[in-house]
Each structure stands twice: as structure tokens, then as C-alpha cells.
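In what follows, a structure is listed as C-alpha cells, so that the remarks can point back to it.
The values are calculated or read from the model by the stated rules, or taken from the named source; none is laboratory data. Treat the numbers as computed from the prediction; the structure is a model and nothing was measured. In this analysis, Cβ positions are derived from the backbone assuming ideal geometry, glycine residues included, and neighbour counts consider all displayed protein chains. Note: areas computed on protein heavy atoms with side chains; ligands, DNA, RNA excluded. Shrake-Rupley method; radii C 1.70, N 1.55, O 1.52, S 1.80 Å.
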Amino acid sequence: SPVTELAPVVLEDGRIMYGVLLTADIEGSTYIWRRVGDPLLTELVEIVYLSPIEDHFFNRLDGTLGSGFSYVKASDVMQLSINTSLQYLAEKNHITAFYDGLLTNENDKSTKRHHGGGSFRRILANNWFLVSQISAEQNTELELDLRMNFTLGAGNGLIRTNFTTLYLAAGVQVNRENTAELNQYNLEGILMADYSIFIYDDPEVSLGLDASLIPSLNDPGRIRSNINSNLKWEIFNDFFLKWTFYFSFDSRPLSESAEKSDWAISRLGIEYKL
């Protein structure tokens, strides 16, 4: 059916247009009716992104809410995860708030990992974008009580098709780290990659992988990295089974007694698309 509400339409060649989609007489094609100029006849396979912009603020919000749980009696290991995100979409601006938490209990020893914050992305022409982010994280396995981050960067969508995307970005990051006894300010570079695969058949399946490499600029030789991955399988309308994995590494933690790496696999999770 035609999209009759104003929508940003991103084409495979990187062009961004704002208009409505109307039915064309040619199979597999549509007209993009723009604010100015003549309607553009376009093949549907050339459209890689489309999201109608609603008139009211709350109708522009979209998000997810997920949770996972696992327990192994033989090793007495219990894991509970919670993750959520909320997005606001305008013509050229994407605003996202997010939170991801994991609690692990093993033989009466508990560890926890929290990561949350907000990001702003400004969409530019030819698949370029600007990005800024404020976030906070805690990881008791790495003896990190709190790390506050502020990030500025720019990137490009190197691959954007109907079934896969690849974004690369680079920037700088300022943060403050706190442990039980120490605190430190850091200036870091940051390289980010975000890769996704989508299968929109029934059931809907998606695979996401994002990674960051963070070399310190004021503490030469220190390198941090983060990897997050998720696989989602739609079981019925807007409900997904979800498998998640994360890995964190710090070559020189602030606390000398801290572990240098931390990772976890959530074996079973459920996510609901709000």
C-alpha cells in the first residue's frame, strides 16, 4: 500500500528525499512525490530506509523492551539481563535513549554490569552523519564503579541495502573513571562499527553487531574495546526471542587488581517492540 504520510526516503545511492510514496503502474516501482519538483519513479529495491514522520511528538517515539534469564544448577550460575531503548525520529535527527544491564550470581558471588545513556545523530547527504553521545557505565568484574563518557564523532554508511547495513564512525571521547580508591580523567580516540543483517520474511530475523576500539590519548599504550551482538527471531507479532553476547577489554584498568576482560552470553531472552 502507498505511504501517504511525509517520510524520509533513503535510496541505495545515498540520496535522501522527503515526501510520500504513491502507487506506480509499473510492477516493483513507486513514485516518490517530493515537496518540490516532479515525482520520481523509483524501483522499490532501491529504497533502503523508509519511516513515516508522524504529526505528534509521542507518535514519533519508537522503542524496545527486553529481558533474559538463565540458571545452571550444576554450577549454580544465575544471570538476569534487562535492556531497553527509546528512539525519537525527525526529518534529519535521530535521538536515542538506552539502557543495558546484566546481573550474574555465581556461588553466592554477585557481579553486575550497567550501561546507559543517550545519543544524537544528525543525518547528512551521501550517507554521512554526525554523532554525539553521553553515557555512564559500571562493571564490578573490572572493578569499575562508574565511568562517565562524552563522545563526538562523524561517520558514513558504507553499506545500505534492503537486507544489510554497515556504519563506520570515528571521533574523540572524554571520560571520568571512578573505582573504590581512584579516579581519573581520560582523553581517548574512538573507532566504531555497526553491522546489521535483516530478513523480513515470516518469521522476521535480524543479526546485529557493534564494536568499538578506544585507544587512550593521554595514557599511551592503554586500549579499550567493546563488542556487542544480538540475534533476534520473531515468534509472533512484535515479540522476539533474543540471544545476546558482549565482550569488554581494558589493557590497563584503573585498579591494578581488576580483570582485564569481561564477557557474557545471554542464552534466552524476550524482546517486545513498543
**Complete:** Everything considered on the Cα gyration tensor (a ≥ b ≥ c; rounded for a/c under 1.5, else prolate if a/b is larger than b/c, else oblate), the stretch 8-107 must be described as prolate
**Request:** Give me the net charge of Leu152's neighbourhood, meaning all other residues with Cβ under 15 Å from the Cβ of Leu152; Lys, Arg count +1, Asp, Glu -1.
**Result:** +1
**Request:** Provide the gained length on full extension for the span Gln184 to Tyr99, in nm with one decimal, where the gain is 0.36 nm per separating residue minus the Cα-Cα distance.
**Result:** 28.2 nm
**Fill in**
Stokes-Einstein D for the stretch 206-247 (4 °C, 1.567 mPa s, Kirkwood Rh from Cα pairs), in µm²/s, comes to 104
**Complete:** Checked against a 27 Å limit on the C-alpha separation, the offending pairs among Lys112/Lys232; Lys112/Lys242; Lys73/Lys112; Lys73/Lys273 are Lys73/Lys273
**Prompt:** Taking every pair of alpha-carbon atoms in the stretch 59-144, what share in percent sits in each 10 Å bin, from 0 to the bin with the longest distance?
**Reply:** 15, 34, 26, 16, 7, 1
**Asked** Which far-off residues, 5 or more places away or on another chain, put their amide H under 5 Å from the one on Glu204, with H placed in the peptide plane?
**Response** Glu234
**Message:** What distance in nm lies between label points placed 7 Å from Cα along the C-beta direction at Leu166 and Phe198?
**Reply:** 1.8
**Prompt:** If we sort 186-195, 200-209, 40-49 on the protection proxy, mean other Cβ atoms within 10 Å, highest first, what's the order?
**Reply:** 186-195, 40-49, 200-209
**Prompt:** Could you state the principal axis extents of the C-alpha atoms in the chain, from the largest down, to the nearest angstrom?
**Reply:** 68, 45, 31
**Complete:** Other residues with Cβ under 10 Å from the Cβ of Asn105 give, with Lys and Arg +1 and Asp and Glu -1, a net charge of -1
**Request:** Would you mind calculating the gained length between Val36 and Phe239 on full extension (0.36 nm times residue separation, minus the Cα-Cα distance), in nm to one decimal?
**Result:** 69.1 nm
**Prompt:** Could you give me the ³J(HN,Hα) list for the stretch 199-206, computed from phi with Karplus coefficients 6.51, -1.76, 1.60 and θ = phi - 60°, whole Hz, x at Gly and Pro?
**Reply:** 10, 8, 5, 9, x, 6, 10, 9
**Asked** If you add up the charges near Asp194, with Lys and Arg at +1 and Asp and Glu at -1, over every other residue whose beta carbon is less than 14 angstrom from its beta carbon, what do you get?
**Response** +1
**Complete:** Applied in sequence order to the stretch 185-193, the curve 6.51 cos²θ - 1.76 cosθ + 1.60 (Karplus, θ = phi - 60°) yields integer Hz couplings, x standing for Gly and Pro, of 8, 9, 10, 9, x, 8, 10, 10, 9
**Request:** Determine by what factor the alpha-carbon radius of gyration of the stretch 77-212 differs from 2.2 N^0.38 Å, reporting the quotient.
**Result:** 1.22
**Request:** Please give the per residue accessible area of the chain, computed with a probe of 1.4 Å over protein heavy atoms only, in Å².
**Result:** 58
**Complete:** Descending packing, highest mean Cβ count within 10 Å first, for 23-31, 92-100, 149-157, 69-77 is 149-157, 92-100, 23-31, 69-77
